[in-house]
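Working notes, structure below.
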Amino acid sequence: GQDQETQLQLVNAFFNNWQYTADNDAYGRSDYWASPVEFMANAGDCEDYAIAKYTTLLFLGFRDEGMRIMAVVDNNRGGIGHAVLSVAANGQEMILDNLTNNVYSDNQQTGYAPRFAVNQSGVYTYAQQPQLLYVSAE
């Protein structure tokens with residue numbers, strides 16, 4: 001019975017209480033996308049938080065078309081890979097991130113560079129930052 005913004009805040013904070021554990025430690029693999037049940041039983045890393053939040057919001061009535069699990073480059077932490085959940089709500093793209101309990105608009109995050117995103121409808125790729133190449137005319 002809560003409004004969308006409150007639901008996003010509660011779901012984000014709820015799952016952020018789970019312990020972060022690298023895939024190697026939790027699953028014995030360098031990269032493993034855990035189901036929500038596996039995540040809740042074993043902990044997990046950033047994409048596991050995003051998957052659990054995505055699935056929960058589907059059950060709460062959020063539409064698949066308005067949500068994407070996004071793989072990003074986190075330039076605030078030296079260009080490492082990271083994953084967050086993007087949710088369309090109240091005319092904005094809101095970000096649910098395991099690094100903060102605050103849900104924020106995507107235009108408030110300046111350090112993430114999206115690479116690809118997934119939902120039940122498909123895979124979405126994002127253009128890479130163009131690079132200027134210098135070629136000798138000789």
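The values are calculated or read from the model by the stated rules, or taken from the named source; none is laboratory data. Computed from a prediction, not measured in an experiment: that's the story for all the values here. Counting neighbours? That spans all protein chains shown, and the Cβs are built from the backbone with ideal geometry, glycine included. Quick note on the areas: whole protein, heavy atoms, side chains included, nothing else; ligands and nucleic acids left out. Shrake-Rupley method; radii C 1.70, N 1.55, O 1.52, S 1.80 Å.
Among Gly111, Gly28, Gly91, the largest mean-square fluctuation in a Gaussian network model of the chain, built with springs joining Cα atoms closer than 10 Å, belongs to Gly91.
For region 45-135, the set of chymotrypsin sites (Phe, Trp or Tyr not before Pro) satisfying both a DSSP loop assignment and a count of at most 11 other C-beta atoms within 10 Å is given as Tyr134. As a length-normalised measure over Cα pairs under 8 Å and 6 or more apart, the relative contact order of the chain settles at 21 percent. Compared with the dominant principal axis of the Cα atoms in the chain, helix 46-59 is inclined by about 50°.
Calculated accessible area for the chain comes out at 60 Å² per residue, all protein chains present (probe 1.4 Å; ligands, DNA, RNA ignored). Using a cut-off of under 14 Å, list every residue of region 6-37 whose amide N is near the label point 7 Å from the Cα of Arg63 along the Cα-to-beta-carbon line. Within reach of a label on Arg63, which here means backbone N under 14 Å from a point 7 Å along Cα→Cβ, region 6-37 contributes nothing. A straight chain from Asn107 to Gln120 at 0.36 nm per residue would run longer than the Cα-Cα distance by 2.2 nm. Against the chain, whose longest principal axis is taken from its Cα atoms, helix 4-16 shows a tilt of about 80°.
Across all directions, the average flat footprint of the convex hull enclosing the Cα atoms of region 4-126 is 7.2 nm². The calculated Kirkwood hydrodynamic radius for region 1-75 is 13.1 Å, given to one decimal from all distinct C-alpha pairs.
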